[in-house]
Amino acid sequence: MAVEQFNGALGSVHRAGIARPLVLYSRVAHNHLIFTDAGLPVSQAATKDSRLDIRCDEQTRKLLDRAASYARVSLSEFVLSRAVAAAEQVVQEQESINLRADDFQAFLAALDEPREPSPALQRAFERHTRLVDAE
């Protein structure tokens, strides 16, 4: 999401003076890696310079080999694709918030009528500005 879209989506939150810290956070936390359709970071998908070694018992290895042959892919491709899919699901569960419709409406209402920042929040904003502007 572009900064302008993000700021526009914030509406009155932006007017309350806290959009800048939120935008900075979103750039750092969510845009530092670009992923391919396969779910791999572009840098790893292009070069594949990272190696992952896994130990397992022989029965597990035979099962994985059979499954990979049924899927008509190499064992590495099979294991990696399934591991990436599972990892994406775990990350999605941990990083997303699901709200019921009435809770979502309450959230939107809170965004439209923000409270005044507390003294502790004001100090945090000032500290953040000093640290970010010092870089």
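The values are calculated or read from the model by the stated rules, or taken from the named source; none is laboratory data. Only a predicted model underlies this, so the values are computations on that prediction, with no experimental measurement involved. Counting neighbours? That spans all protein chains shown, and the Cβs are built from the backbone with ideal geometry, glycine included. Calculation scope for accessible area: heavy atoms of the full protein, side chains included, ligands and nucleic acids excluded. Shrake-Rupley method; radii C 1.70, N 1.55, O 1.52, S 1.80 Å.
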*Estimate the FRET efficiency between residue 125 and residue 54 by the formula 1/(1 + (r/R0)^6), using the beta-carbon distance for r and 35 Å for R0, to the nearest 0.05.*
0.15
*trypsin sites (Lys or Arg not before Pro) within segment 46-135: DSSP coil, no more than 11 neighbouring Cβ in 10 Å*: 48, 51, 55, 72, 100, 115
*On the full set of protein chains, 1.4 Å probe, figure out the accessible area of residue 57 and give it in Å² to the nearest 10.*
90 Å²
